[in-house]
Amino acid sequence: MLRDAMHRFPKAEWFCWIDADAWINPREFHVPLTKYVEGVPSDRAAVLANYRGFNTGVLLARGGAKGLDLIRRWLAVSRAGLAQCHPHDQAALAWLQLWRMNGSSTDAAALRPYDFECTKKKACGVKGGFFSCIPLWHAAIRRAHEWDAPKFSEYANQKWVVDEVVDRGFANAETPGFWVAAENERRPRLQCFRCGTSLETIDRFPGKNFFPPHGNGGWLINHKGQGLFYREGMRMSD
């Protein structure tokens, strides 16, 4: 869909992808999406709002040649069988991120950037040790930066912790082609995962949503959290 939209609207500067199980906060409708691409360097083709494992519940893709190249490569990774397990499209983009961090090499060893291998044999098959490739992405990020424990994370002892250094944009300078748009004083969090308390609250639990360091603590798009959607939707329709 993104590729088709880019061909249909070649002059558009940015495109926004939102998962079918994500929804927009009605109290934040006034926030323009352009707020999330402010200051994004011209060499970055994708803007994300991560919570763990390079999440693609919400994705802003740059228009033009750079964006098209990103989408084509993303599709190529998936079709080449380099992302065989959950979370599939997300794992394919994670592979592409690691590949670019690793120098975009074309030799055979580059098919496992930082030893990241999202295959059934390695992750989700009969002999695989995981349901998902997210922990493998996390381990690859650790290898890439030789980090010990996540410096900025309050969840350092949790099994599913993700390096907040990457996930919240502290490492934007080290992730070629990609940019994480964290919340700040001018914009709420772009994506909240399974937030169910209220339209103003970021629910925090290990591996999902990090503590908001800036801004009003609100969020623009809720990835899942359908219980809150139906509860608030019914109330606001009265």
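Cβ-Cβ under 9 Å, sequence separation 6+ or interchain: first residue in region 174-196 and touching a residue at least 60 places away in the same chain (Cβ under 8 Å) and β-branched (Val, Ile, Thr), partner open to solvent by 10 Å² or more (accessible area, probe 1.4 Å) and not in a loop (DSSP other than H, G, I, E, B). Which pairs?
As it stands, the answer is THR175/ARG100; THR175/MET101; VAL180/ASN172, since those pairs meet every condition given.
Would a scan of region 111-125 turn up a residue that is open to solvent by less than 30 Å² (accessible area, probe 1.4 Å), touching a residue at least 24 places away in the same chain (Cβ under 8 Å) and at positive phi?
No.
Within region 6-36, track down each residue that is of a type in the set (A, V, I, L, M) and over 21 Å from the mean Cα position of the chain (by Cα).
The one that is of a type in the set (A, V, I, L, M) and over 21 Å from the mean Cα position of the chain (by Cα): ALA12.
Kindly list, by first and then second residue, each pair from a residue in region 18-41 that is in contact (Cβ under 8 Å) with a residue 24 or more places away in the chain to a residue that is surrounded by fewer than 17 Cβ atoms within 10 Å (Cβ to Cβ) and not in a loop (DSSP other than H, G, I, E, B), limited to pairs with Cβ atoms under 6 Å and residues at least 6 apart or on different chains.
Within 6 Å, the pairs are LEU33/CYS16; VAL37/TRP14.
Determine whether SER78 is among the hydroxyl-bearing types (Ser, Thr, Tyr) and crowded, with 17+ Cβ neighbours inside 10 Å.
yes
The values are calculated or read from the model by the stated rules, or taken from the named source; none is laboratory data. On a predicted model such as this, the values are computed, not experimentally measured, just so you know. Here the Cβ is made from the backbone with ideal geometry for all residues, glycine too, and neighbour counts use every protein chain on show. Please note that ligands, DNA and RNA were not included when accessible areas were found on the heavy atoms of the full protein model with its side chains. Shrake-Rupley method; radii C 1.70, N 1.55, O 1.52, S 1.80 Å.
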